[in-house]
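Worksheet for the structure shown next.
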Amino acid sequence: MDYNFKAIEKKWQKQWVDNKTYKVEIDNNRPKYYVLDMFPYPSGAGLHVGHPLGYIASDIYSRFKRLNGFNVLHPMGYDAYGLPAEQFAIQTGQHPAITTEKNLNRYREQLDKIGFCYDWDREIRTCEPDYYKWTQWAFTEMFNHYYNNKTQKAESIDSLIKEFEANGTQNIDASETEALSFTADEWKAKSDKEQQEVLLNYRLAYLADTMVNWCPALGTVLANDEVKDGLSERGGHPVEQKLMRQWLLRVSAYSERLLQGLNDVDWTDSLKEMQRNWIGKSEGAEMKFKVKDSDVVMDIFTTRADTVFGVTFMVLAPESDLTSQLTTPEQKDAVDAYIKATAKRTERERQAEVDKVTGVFSGSYAINPLNGEEIPIWVGDYVLAGYGTGAVMAVPGHDTRDFKFARQFNLPIVQVVIPEGEEATDTATWDDSKDSKAGTMVNSDFLNGLSVPEAIAKTKTHIKEQGVGDVKINYRLRDAIFSRQRYWGEPFPVYYKDGMPQMVDAADLPMQLPEVDKFLPTEDGEPPLGRAKNWVYKDAYPLELNTMPGFAGSSAYYLRYMDPKNDTALVGKEANEYWQDVDLYIGGTEHATGHLIYSRFWNKFLFDTGNVIKDEPYKKLINQGMIQGRSNFVYRINGTNKFVSLNLKDEYETTALHVDVNIVHNDVLDTEKFRNWNPEYKDAEFVLEEDDKYICGWAVEKMSKSMFNVVNPDDIVEDYGADTLRLYEMFLGPLEQSKPWNTNGIDGVHKFLRKAWRLFFDAEGNVNISDEKATKDELKTLHKTIKKISDDIGHFSFNTCVSAFMICVNELTEQKCNKREILEGLTTLLAPFAPHISEELWSTLGHSTSVCDAAWPVFEPSHLVEANFSYPVSFNGKMRFKLEMPVDASKEQIEEAVKTHESAQKWLEGKSIRKMIIVPKKIINVVVG
RNA sequence: GCUCGAGUGGUGGAAUUGGUAGACACGCAAGACUUAAAAUCUUGUGUCCAUUAGGACGUGCGGGUUCAAGUCCCGCCUCGAGUACCA
């Protein structure tokens, strides 16, 4: 019987479904292991060959853990809400639910063909009411909690209200939008509406007027991580700044814990680094600058408190509240014009024109709290409203941006730090500021002569004593804007009473997404939900018109897999206590600052409120590399329909054209298919190589339809089978490395499977397995492989596993080995990688149960013990010959053997041995001279 | 600009702790089988010199440490990813 992969794969995929082979339940007799893939957004294009890379790796690992006695949870689902389906709905009128369902079924079909061990009974879809009920529930919980900085955890808003009633804000240290201060009596005197407004200042899910990334083309607001280079991540449309009333999640409250938590997880350093940069902790001082002839006090944040004597002007962000307050009547027109001009610039323009220095004088002066000097206050858009206090003290001598601003507007520059190994110089001669932190203070009163770090510490103490400032820690991490002006997302469980938001009753969850006649904003610019009929609560109160963003549904999905059918909790206690957290999470690096921050935040909140038992959700995380496309080109002779092969193209004037990689094999074009590929090429003529082949050029590019380099896994499965696809994806290279997809070379792994198959059958195709005892060599081959595969899976080095299998099968073929003892071990080792063929061979070996439930072979070191070792003998570091010696030979014996060895004589001739280095079972190096 | 990662044959890659560089494949070449093709099998395949035996060179570049460097150290170059007025 030949290796008929089509029949085998069909057969076992059916058996797995029929026998529920991959169904998982809580089992207190076995240790748990949770392997999670980042679930996909099912796009209309379907899976290409790059998508399953991570899924295959996690599948291999899951099967490996199962064979080692673990109860493995390995689920899959869909991130089903999203913009593409809605954009498609706008264009075609097709309901996004229909598009999504269709795409999702297509994904499932493609995934099923690859033979994954997912427990599909646990599938979740973020757009299903049963699921998003818990997204909405978590939101209401966040609304009902605030973050207590003293206890460093979320606490109920009721306890905050009690504290307000008893003591006002006096003892409160909470995460807040702005600092508030009132007494208990003042609190009680507030109207209900006023109290609600105050509480929004503390809630973890809150409504606020905020500057947002507004994308006019998509008609919605975007989160910071959804904006790349000033363009929307999806679609690449321009994004501008706009003030809007929006829901936000107070992610910033968790900044420190999100940062500290990184120390406890096993992620790559680069990913942790990305998160650390995104959280952006900086330690510095907040200082108060009084404004001349005014009650206003400017708070500024600085990490360079030491340079306070070098401050020659102040700069406010155009969006700052203080800007209008501090603008004098004479300067009002100029400042207004400036604010207008900067507001019009999109985020992208601002970034593109980083070097363009703009600003305007406000007319006011601030007073330096340390030396009493009057310094002008300017407005400039290089200061960001969203970071620190939206105002800076400018030290042009020692800050590049301040320096440029000072030069642009002829503001004074004072040197207060002399960098190491330099002298004080005239600042007028400078081309750049001196930002270095290594240096000595000058022109700085009581700081003179100190080093920069000493001066920073001393200034901090000083300003604290003088009451003009305090030590302060700042984070770059912003609260997450949680409203989207779109249709295809989770509706908020929110209604409005007197214009104030209220949560709908828990019993009324889920709030189902209503039907609308069109998926566009209303005529008066309300989001699409404004079109829904009866979109009111309890027949009286209008419901929220925004929907939740993409990351809402993905923030706690890993918890739902633990207990997907539970209708009383997101995850039940028993399930959560058994499965606990994700042991291995595999996915793309593109979620480094979005999903992986939000999800950790969400989890920490659920942890604080006692809903889950783990503070961090993902113990170990691996980023699989991106699979790039490998494009092929044909060369058309200009002005003709004649195509010239790669090596001859320089003899002509040609244009390179992309050609579908699926009609090219090993860079050789199938000219017949090419003529049929595109009507334009029906009559194409070819200038061929000497061997009558048309060779294509190639390049590595993004995998996309327009490059004609998309390879569909279905086609590979059709031609070679799923097991070959799985092995080949792993064989391509290290999991974490990005690499181009190239179908060339797939024959190699396919041949390997056929060769492995032939070990079980004789030349006539009959099963031929021997029960004889295995020879020493056969056992050595098997156990060498057991060790290699076990070690390499442990390191997630799957590419080297495939090589090891090839070596193993090559050796067994050479040994003509058909011993059951050996073949059983090999089949089990191979099962995680190539499950279909392994099941078939396992049953050929006479087993009636699935190979998934076999036991991982035990490595027995004694089989690898050798009597002799073949030493490479080097002279002055260059290997010259091999010397076979018993492993227990003494150094003296070895030395003697080397000296007398025939091949050694020519290297020793006329030279003396200075030294001989002998590393047992490694190498011999003779130093001669 | 800053941070991180990577540069090894014609190609993908291997070398896990400093110890035989190029495992395993693809491709290519020659051969066997075949009427032929496919499939399969055998042999060869880093570069250069040499008929052979053999030798020299060789892991982006330049230095260094070491008996020994793809691997460690210093200085560069190139590519990729992330990030960017963060005070």
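The values are calculated or read from the model by the stated rules, or taken from the named source; none is laboratory data. Nothing here was measured: the structure is a model prediction, and the numbers come from that model. Here the Cβ is made from the backbone with ideal geometry for all residues, glycine too, and neighbour counts use every protein chain on show. Surface accessibility is based on the protein's heavy atoms, side chains included, excluding ligands, DNA and RNA. Shrake-Rupley method; radii C 1.70, N 1.55, O 1.52, S 1.80 Å.
General observations
- The residue list A:TYR33, A:TYR61 contains one member that is surrounded by 22 or more Cβ atoms within 10 Å (Cβ to Cβ), of a type in the set (Phe, Trp, Tyr) and touching a strand residue (DSSP E or B) at 6+ places or on another chain (Cβ under 8 Å), which is A:TYR61.
- Selection count where residues are more than 6 Å from RNA strand B (Cβ to nearest atom) and either aliphatic (A, V, I, L, M) or farther than 16 Å from A:MET703 by Cα (or both), scope region A:729-745: 4
- Residue within region A:587-601 that is open to solvent by less than 20 Å² (accessible area, probe 1.4 Å), in a helix (DSSP H, G or I), more than 16 Å from RNA strand B (Cβ to nearest atom) and not hydrophobic (A, V, I, L, M, F, W, C) present: yes
- The set of residues in region A:915-925 that are near RNA strand B (Cβ under 8 Å from one of its atoms), more than 48 Å from the chain's Cα centre (by Cα) and surrounded by 10 or more Cβ atoms within 10 Å (Cβ to Cβ) contains only A:ILE917.
- Condition check for A:ILE375: over 17 Å from A:PRO318 (Cα atoms), at pLDDT 90 or above, open to solvent by 50 Å² or more (accessible area, probe 1.4 Å) and away from RNA strand B (no atom under 12 Å from the Cβ): no
- Restricting attention to region A:562-586 and to residues that are out of contact with any helix residue (DSSP H, G or I) (no Cβ under 7 Å at 6 or more places or on another chain) and of a type in the set (Asp, Glu), the residue that is surrounded by the fewest Cβ atoms within 10 Å (Cβ to Cβ) turns out to be A:ASP567.
- Restricting region A:546-591 to residues that are touching a strand residue (DSSP E or B) at 6+ places or on another chain (Cβ under 8 Å) and of a type in the set (Asp, Glu) leaves a set whose member that is farthest from A:GLU616 (Cα to Cα) is A:ASP583.
- Given (1) within 43 Å of the chain's Cα centre (by Cα); (2) at pLDDT below 85; (3) open to solvent by 30 Å² or more (accessible area, probe 1.4 Å); (4) not aromatic (Phe, Trp, Tyr), number of the condition A:MET703 does not satisfy: (3)
- Scanning region A:791-818 for residues that are open to solvent by less than 20 Å² (accessible area, probe 1.4 Å), more than 6 Å from RNA strand B (Cβ to nearest atom) and not in a loop (DSSP other than H, G, I, E, B) gives A:ILE793, A:PHE798, A:CYS801, A:VAL802, A:ALA804, A:PHE805, A:CYS808, A:VAL809, A:LEU812.
- Residues that are within 7 Å of RNA strand B (Cβ to nearest atom) and open to solvent by 30 Å² or more (accessible area, probe 1.4 Å) within region A:387-398 comprise A:TYR387, A:GLY388, A:VAL392, listed in sequence order.
- For region A:629-652, the condition of being open to solvent by less than 60 Å² (accessible area, probe 1.4 Å), in contact with an Asp or Glu (Cβ under 6 Å, 6 or more places away or on another chain), closer than 16 Å to A:VAL265 by Cβ and part of a loop (DSSP other than H, G, I, E, B) holds for none of the residues.
- Filtering region A:706-747 to residues that are crowded, with 19+ Cβ neighbours inside 10 Å and of a type in the set (Ser, Thr, Tyr) leaves A:TYR720, A:THR724, A:TYR728, A:THR743.
- Selection of region A:900-914 for residues being closer than 11 Å to A:VAL873 by Cβ and open to solvent by 60 Å² or more (accessible area, probe 1.4 Å) yields only A:TRP907.
- The helices (runs of 4 or more DSSP H) found entirely in region A:30-149 that carry 1 or more residues being at pLDDT 95 or above are A:52-67, A:96-114, A:129-143.
- Any hit, region A:873-896, residues being of a type in the set (A, V, I, L, M), away from RNA strand B (no atom under 15 Å from the Cβ) and touching a residue at least 12 places away in the same chain (Cβ under 8 Å): no
- Residues of region A:416-426 classified as surrounded by fewer than 18 Cβ atoms within 10 Å (Cβ to Cβ) and in contact with a Phe, Trp or Tyr (Cβ under 9 Å, 6 or more places away or on another chain), total: 0
- Residues in region A:899-912 that are out of contact with any strand residue (DSSP E or B) (no Cβ under 6 Å at 6 or more places or on another chain) and among the hydrophobic types (A, V, I, L, M, F, W, C) were compared, and the one that is nearest to A:LEU864 (Cα to Cα) is A:ALA904.
- Pick from region A:457-475, criterion out of contact with any Lys or Arg (no Cβ under 7 Å at 6 or more places or on another chain) and buried (at least 16 other Cβ atoms within 10 Å of the Cβ), ranking: nearest to A:ASN546 (Cα to Cα): A:ASN474
- Wholly within region A:653-711, strands (runs of 3 or more DSSP E) carrying at least 1 residues that are under 19 Å from A:PRO740 (Cα atoms) and of a type in the set (Asp, Glu): A:697-701
- Cβ pairs under 6 Å, 6+ apart, first in region A:260-283 and touching a residue at least 12 places away in the same chain (Cβ under 8 Å) and over 16 Å from A:ARG600 (Cα atoms), second open to solvent by less than 80 Å² (accessible area, probe 1.4 Å) and near RNA strand B (Cβ under 6 Å from one of its atoms): A:SER282/A:THR303
- Candidates A:LYS751, A:LYS773: the one that is open to solvent by 20 Å² or more (accessible area, probe 1.4 Å) and within 14 Å of RNA strand B (Cβ to nearest atom) is A:LYS751.
- Looking only at residues in region A:290-308 that are crowded, with 24+ Cβ neighbours inside 10 Å and not aliphatic (A, V, I, L, M), the one that is nearest to A:THR210 (Cα to Cα) is A:THR302.
- Search result, residues across region A:675-692 that are charged (D, E, K, R) and either in contact with a Phe, Trp or Tyr (Cβ under 9 Å, 6 or more places away or on another chain) or buried (at least 16 other Cβ atoms within 10 Å of the Cβ) (or both): A:ARG675, A:GLU685
- Checklist (1) assigned to a loop (DSSP other than H, G, I, E, B); (2) modelled with pLDDT under 95; (3) aliphatic (A, V, I, L, M) applied to A:LEU513, failing item: (2)
- Taken as a whole, the condition of being touching a Gly at 6+ places or on another chain (Cβ under 8 Å) and either under 23 Å from A:ASP209 (Cβ atoms) or in contact (Cβ under 8 Å) with a residue 60 or more places away in the chain (or both) does not apply to A:VAL494.
- Filter result for A:TYR496 (of a type in the set (Phe, Trp, Tyr), open to solvent by less than 60 Å² (accessible area, probe 1.4 Å), modelled with pLDDT of 90 or more and part of a loop (DSSP other than H, G, I, E, B)): no
- Candidates in region A:262-277 are the residues that are within 20 Å of A:VAL251 (Cβ to Cβ) and within 7 Å of RNA strand B (Cβ to nearest atom); of these, the one that is nearest to the chain's Cα centre (by Cα) is A:MET274.
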